[in-house]
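Report on the following structure.
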Amino acid sequence: MLDVFERIVQKRKAAQIVCVGDVMLDRYVHGQAHRISPEAPIPILNYSHSRYNPGGAANVAANLSALGARVSLFGRIGTDQAASDLQTALSQFQTVSTHWLHDDRIPTTEKTRFVVGGQQLLRMDHELKSPVSVQQANDFLPKVKTTLEAADVLILSDYAKGMLPFEFCQALIESAIEVGVPVMVDPKGTDFGKYKGASLLTPNLAELRAAVGQDVSGDAQVVAAATSLMRQFDIQALLVTRSAEGMTLVSSAHPEGLHIHSTARDVSDVSGAGDTVIAALAVGIACGLTPAESANIANMAAGVSVARHGTVQVTLEEVKKEIEASLSLPQTASVLFSNTRSLNQQVKQWQLEGLSVGFTNGCFDLLHAGHLHSLANAKKQCNKLVVALNSDESVKALKGPHRPVQDQHTRAQVLCALRMVDAVVVFNEDTPAKLIEMLLPNVMFKGADYRNKEVAGAKAVLDAGGKVVLIDLLEGHSTTTTVKKLNKGL
């Protein structure tokens, strides 16, 4: 599979993809819940911080950009703060160009999730499901047609919010067929007739069941249901996503079904996983891969997506690590930067590519489960994680003359071997404040024990529009405690 992956790496920057669909804003409100309200049997959320990401078709576009493709996104937004926030979120992705249908009759679709300890407590939706008018569709169609002339793939991302009513959906598919552009659809609803003539659909198992109007379970029934829909609506292929059971591709090349096992090992959140799947599929097709090859790459990307919290954008580097892990190959090591200038150049390059860069620091002497817990949680909230490591001299100043137990080179090499770490740098000062002020990461992570304390470098990050996230510590794990046990011979 690595040779297939390399073909994407070589061709991805030339890929031009058009995405039309229901855009939305995914907002996350984080906090702690330690009390039950005296007013009603509900938890009280003690606010910590909030963030927002592109959602729906906008998340598809963001994933396409993170994978290296150029994207023209067409969607409908209201005239509200959510629309402004969505544009801001998308502006981080340099290869996405937006084309909006402004509609003051509706709010921009917004989903707000209240999160405690990585788990959703409540989701609040602000939306109005109203189809675009015939006049709006007629005005918008020529703009899409013009962009399709130079496109490799058309994606229709249907969330049933009104951007893709039957007639407009069919007009888009017919326009793409006229210029020889394959059409991929993430469908919604029970009537797949609106997608007639599409090249490939990516329903999940529930959507497949709804479309055929009967229960579907097991490989044979999935293949039979997919085949029935393909014949009925002149669809060339279906890729059915089946959660823990992986995916099934049914096409003329695989009439009996190609069953692809799931790669996910620790599912944290399935939000946006379908967006990642269709984005990876489209990039594969645009780079000349077969549907089967593209489906395998999409399956790897989905494994990365569901292992992280919230709607996320999966990068090619992350897909490569997933492939290497599946093949039991030594994974690509994180980069150990010998100087801060080189690291700064890398961070700025990542940010130019629209990637979110996270930062954390510590001594990491005798790596333990608490360290892994914090690093894993940090990585779930960013694309690239930079770890600043206290030098031997710095650790001695902080911990005393008998520390560190392991020298800085050893500690750095251990961190570089971790899949959740993307870059490591050693610093000599007591705090990494100067380093943070230079790098200006998008998000900075510290342990929850820093709550109500001054966090070095935090002001620079916040002033630059970033955020500071406190991660709950894993109780019962401490390097100092371990060293004391060792000294006592326990």
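The values are calculated or read from the model by the stated rules, or taken from the named source; none is laboratory data. This structure is a prediction, so every number in the text was calculated from the model and none was measured. A quick note on method: Cβ atoms are made from the backbone with ideal geometry, for glycine too, and the neighbour counts reach across all protein chains shown.
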Of the conditions (1) surrounded by fewer than 24 Cβ atoms within 10 Å (Cβ to Cβ); (2) assigned to a strand (DSSP E or B); (3) at pLDDT 95 or above, the single one that Glu39 does not satisfy is (2)
Looking across segment 190-213 at residues that are closer than 10 Å to Val240 by Cβ and among the hydrophobic types (A, V, I, L, M, F, W, C), the single one that is surrounded by the most Cβ atoms within 10 Å (Cβ to Cβ) is Leu201
If we keep only residues of segment 100-142 that are within 20 Å of Glu167 (Cα to Cα), surrounded by 14 or more Cβ atoms within 10 Å (Cβ to Cβ) and of a type outside the set (Gly, Ala, Ser), then the residue farthest from the chain's Cα centre (by Cα) is Gln136
Checked against (1) farther than 17 Å from Ser91 by Cβ; (2) in contact with a helix residue (DSSP H, G or I) (Cβ under 6 Å, 6 or more places away or on another chain); (3) not in a strand (DSSP E or B), Leu375 satisfies every condition except (2)
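What are the residues in segment 157-178 that are part of a helix (DSSP H, G or I) and either among the aliphatic types (A, V, I, L, M) or under 17 Å from Ala57 (Cα atoms) (or both), if any? Let's see the steps before the verdict.
Here is the first cut: in segment 157-178, the ones part of a helix (DSSP H, G or I) are 166-178.
Residues satisfying the conditions are Phe168, Cys169, Ala171, Leu172, Ile173, Ala176, Ile177.
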